[in-house]
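Asker: Pasting a structure below so you can have a look.
The values are calculated or read from the model by the stated rules, or taken from the named source; none is laboratory data. A quick note: this is a predicted structure, and the numbers were derived from the prediction, not measured. For neighbour counting, all protein chains shown are included, and Cβ atoms are generated from backbone atoms with ideal geometry for every residue, glycine included. The area values use the complete protein model at the heavy-atom level, side chains included, leaving out ligands, DNA and RNA. Shrake-Rupley method; radii C 1.70, N 1.55, O 1.52, S 1.80 Å.
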Amino acid sequence: MTYAQEFVERILNRIDGLHGIFVTDKEGGPILQAVSKDISLDPLKAASLASTFSITSEQAGKLFFGTNQKTIAFYDNCVIVHVSMTPLVVSFVGDTSVNVGLILALEREICSALESVREIKSEAW
């Protein structure tokens, strides 16, 4: 198990209400994931959401607001936080009680831990 994989699993266990962390490329290709054992999450749906985030972020950038760094979506039964680490997207899926502020506060730590993965993926693009 790689350091990055261990790291996302530790983060998953640190945040109450967080059920999955998915690291994908900007097209939704899975790279890493950590999923809570007590919840069934479809990794393909998470990957699809990540690619949708990339597309909408790119389009929103044309509105002259600058680059979209994060998106937070609140649904009836879950919360999804997408963080851009071009060319990676890190997606957090939690229940409605998940502490979004804590996820955002850990962003720098998460990006640092995934930097080697980002560099490898950047070279591949």
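Asker: I need every pair where a residue in region 59-77 that is within 13 Å of Ile103 (Cβ to Cβ) has its Cβ under 6 Å from the Cβ of a residue that is at pLDDT below 85 and open to solvent by less than 100 Å² (accessible area, probe 1.4 Å), sequence separation at least 6 or different chains.
Answerer: Pairs that qualify, where the first residue is within 13 Å of Ile103 (Cβ to Cβ) and the partner is at pLDDT below 85 and open to solvent by less than 100 Å² (accessible area, probe 1.4 Å), are Thr71/Phe53.
Asker: With the checklist (1) in a strand (DSSP E or B); (2) open to solvent by 40 Å² or more (accessible area, probe 1.4 Å) in hand, flag the one item Phe92 doesn't pass.
Answerer: Among (1) in a strand (DSSP E or B); (2) open to solvent by 40 Å² or more (accessible area, probe 1.4 Å), Phe92 violates only (2).
Asker: Kindly check whether there is at least one residue in region 45-67 that is of a type in the set (S, T, N, Q) and at pLDDT 85 or above.
Answerer: Looking for residues that are of a type in the set (S, T, N, Q) and at pLDDT 85 or above, one finds none in region 45-67, hence no.
Asker: Just to be sure I understand, how many residues within region 95-125 are at pLDDT 85 or above, over 13 Å from the mean Cα position of the chain (by Cα) and outside any helix (DSSP H, G or I)?
Answerer: The qualifying residues number 5.
Asker: Looking only at residues that are farther than 23 Å from Thr86 by Cα and either at pLDDT below 70 or open to solvent by less than 60 Å² (accessible area, probe 1.4 Å) (or both) in region 19-41, which one is nearest to the chain's Cα centre (by Cα)?
Answerer: Going through the qualifying residues, I end up with His19.
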